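Student: What follows is a structure written as structure tokens; I'll ask about it next.
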Amino acid sequence: MSLSATPDTPLPGRRATLSERGGETPDVDIVDVTKRFGDITAVDAMRLSVARGAFYSFLGPSGCGKTTTLRMIAGFEQPTAGEIYLAGEPVAGVPPYQRNVNTVFQHYALFPHMNVAQNVGYGLRQRGTTKADEARRVGEALELVRLSGYERRRTWELSGGQQQRVALARALINQPTVLLLDEPLGALDLKLRKEMQLELKALQQEVGITFVYVTHDQEEALTMSDTIIVMHHGRIQQQGGPAELYERPVNRFVANFIGVSNPIDGKLVEHDPSTGRGVVQTDRGLRLTGLVTDPDARPAPGTEVIVAVRPERLQVEPATHAAPPADGWSSVEGRIHQGTYLGDHTEFRVATDIAGEMVARRQNAAGAAAIMGVGPGDPVVVRWEDSANLILVA
Ligand SMILES: Nc1ncnc2c1ncn2[C@@H]1O[C@H](COP(=O)(O)OP(=O)(O)OP(=O)(O)O)[C@@H](O)[C@H]1O
Ligand SMILES: [Mg+2]
């Protein structure tokens, strides 16, 4: 496949970028960017470098500033403060069509009076590419999105997923350095969305173009991304790989937004910043040892914190057969509130006096049998290892 991330002709008047001169320049550099609309701060002092060839996702709830960030990268909005660099060049004042980025939106906005091939080739015709060249590259782009043979189809004859693939092919054919995607799968049903997630990821790896993807769906972000940027109220909360965000969320927002966290309130007793190890006295009498996940935090003793524990780290045992207390483990007594069989795993909600309602997940493989007989109201013990305790300061 010959689609590559290199623009075929440099933009007029464009200076050689740092990377062309041999340095490793990020594709997108966002330096202290703030965007205000009247009283609303949509993006607040953002700092972010997007490395070449990777799959980035902005993840966050509605209104947190994802689309605004994308629109500033694309050039549809100007930052109120700060500077954006594309391939090392400041782009303030550079109009969208002169930026080497392309955007795919949730609503694919194909041209209804054109067939598939004409839609995909649109950008090339604007640049005066020859007919033969256009036909070849349209063929390549359609092959990439698995729509070979659909050239003459009308757009209204296509399914939602096929239309979105045409929109992708139309964006990729311009060979952007960066492809921006704003909830491109939002209009598709769940099954198709899951298929397209895997396809998009494979496509990104094949073409090697940097993808910057926007979603409010944590599972979608975890499935596709090399790096996830979690946003809230216009601010980056944390960025990292999927495992890092799930296993080491730095604050309550991230811990709750990605997965279930089983928060337990308490006060910090001690903290060793060199190892991150902390001890927490919880409001209802547990003493928990764990990791202060924010490497920059220097909380004083007495600071209010929460201890978060992921559901798969909790073991639920019938009170009559519970393992004896052990070093390096915590345990609380409770009663099963609800047990839900979910195929590969069972989810237990356990009401406890000391730690509130706790959600535990148990794989339905060997070992599940021990708890099969436990039902609502039955007394149980919930146990977990110290290594599961995530101490969140903010
Ligand atoms: N053109 C505009 N004028 C005024 N306010 C705006 C404008 N565009 C966005 N906003 C506001 O800026 C904030 C961020 O909006 P943005 O569209 O970036 O959110 P989002 O994270 O993309 O949300 P969603 O998941 O709902 O698409 C919101 O409070 C929104 O109302
Ligand atoms: Mg949006």
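The values are calculated or read from the model by the stated rules, or taken from the named source; none is laboratory data. Keep in mind that this is a model prediction, so the values were computed, not measured. Note: ideal-geometry Cβ built from the backbone for every residue, glycine included; neighbour counts use all protein chains shown. The protein model used for the area step is the full one, side chains on, heavy atoms only, and it has no ligands, DNA or RNA in it. Shrake-Rupley method; radii C 1.70, N 1.55, O 1.52, S 1.80 Å.
Student: Extension gain residue 233-residue 321, at 0.36 nm per residue separation less the Cα-Cα distance, in nm? Mind showing how you got there, number by number?
Tutor: Details: separation 88, 0.36 × 88 = 31.68 nm, distance 4.70 nm.
Going from the current span to full extension adds 27.0 nm.
Student: Right, here's the next one. Once you put a point 7 Å from the Cα of residue 135 and another 7 Å from the Cα of residue 206, both along the Cβ direction, what distance in nm separates them?
Tutor: 2.3 nm
Student: Okay, next question. Collect residues whose amide H, placed 1.01 Å from N in the peptide plane, falls under 5 Å from the amide H of residue 364; neighbours closer than 5 in sequence don't count.
Tutor: When sequence neighbours closer than 5 places are left aside, the close amide H contacts are 345, 346.
Student: Read phi for every residue in the stretch 33-41 and hand back ³J(HN,Hα) as whole Hz from Karplus 6.51 cos²θ - 1.76 cosθ + 1.60, θ = phi - 60°, with x for Gly and Pro.
Tutor: Coupling constants for the stretch 33-41: 8, 10, 10, 10, 10, x, 7, 8, 9 Hz.
Student: Students sometimes get this wrong: rank 304, 195, 151, 333 by accessible area, probe 1.4 Å, all chains present, largest first.
Tutor: 333, 304, 195, 151
Student: Could you tell me the calculated FRET efficiency between residue 157 and residue 364, based on Cβ-Cβ distance and R0 = 45 angstrom, to the nearest 0.05?
Tutor: 0.55
Student: What lysines sit close enough to residue 201 to cross-link, taking a C-alpha to C-alpha distance under 17 Å and skipping anything fewer than 8 places away on the same chain?
Tutor: Output for residue 201: 191.
Student: Right, here's the next one. Considering only protein heavy atoms and a probe of 1.4 Å, how much of the accessible area of the chain is carbon and sulfur, as a whole percent?
Tutor: Carbon and sulfur: 51 percent of the exposed surface of the chain.
Student: Take every DSSP beta bridge with both residues inside the chain and express the antiparallel ones as a percent of the total, to the nearest 5. Please list the in-between numbers first.
Tutor: Details: 63 of 83 bridges.
Of the beta bridges lying entirely in the chain, close to 75 percent run antiparallel.
Student: Now for a separate question. If amide hydrogens are placed 1.01 Å from N in the peptide plane, which non-local residues have theirs closer than 5 Å to the one on residue 305?
Tutor: Those lying under 5 Å, H to H, from residue 305 are 266, 267, 268.
Student: Taking θ = phi - 60°, what integer Hz values does the Karplus form 6.51 cos²θ - 1.76 cosθ + 1.60 yield along the stretch 317-326, in sequence order, with x for Gly and Pro?
Tutor: 10, x, 4, 6, 10, 5, 5, x, x, 9
Student: Taking θ = phi - 60°, what integer Hz values does the Karplus form 6.51 cos²θ - 1.76 cosθ + 1.60 yield along the stretch 244-256, in sequence order, with x for Gly and Pro?
Tutor: For the stretch 244-256, the Karplus-derived couplings read 4, 5, 6, 8, 9, x, 8, 8, 5, 4, 5, 4, 7 Hz, x marking Gly and Pro.
Student: Using amide H atoms built 1.01 Å from N in the peptide plane, name the residues 5+ places from residue 232, or on other chains, whose amide H lies under 5 Å from its own.
Tutor: Here 237 satisfy the definition.
Student: If you don't mind, there's one more thing I want to ask. Among 131, 35, what's the order by accessible area (1.4 angstrom probe), most exposed first? Before the final figure, lay out the partial values.
Tutor: Working: 131 170, 35 25 Å².
The ranking, largest first, comes out as 131, 35.
Student: Considering only protein heavy atoms, what per residue accessible area in square angstrom results for the chain with a 1.4 angstrom probe?
Tutor: 47 Å²
Student: How big is the chain in terms of Cα radius of gyration and Dmax, in angstroms?
Tutor: 25.3, 79
Student: Oh, and also: Cα to Cα, under 21 Å, and not fewer than 8 places away if on the same chain: which lysines meet these conditions relative to residue 35?
Tutor: Cross-link targets: 66.
Student: The stretch 120-149 to the stretch 332-365: how many Å between their Cα centroids?
Tutor: Going from one Cα centre to the other spans 54 Å.
Student: Just report the Cα centroid separation between the stretch 37-107 and the stretch 194-214, whole Å.
Tutor: Spelled out, the Cα-based centre of one part sits 19 Å from the other.
Student: So for the pair residue 97, residue 113, with labels modelled 7 Å out along Cα→Cβ, what separation do we get in nm?
Tutor: So the two model labels end up 1.8 nm from each other.
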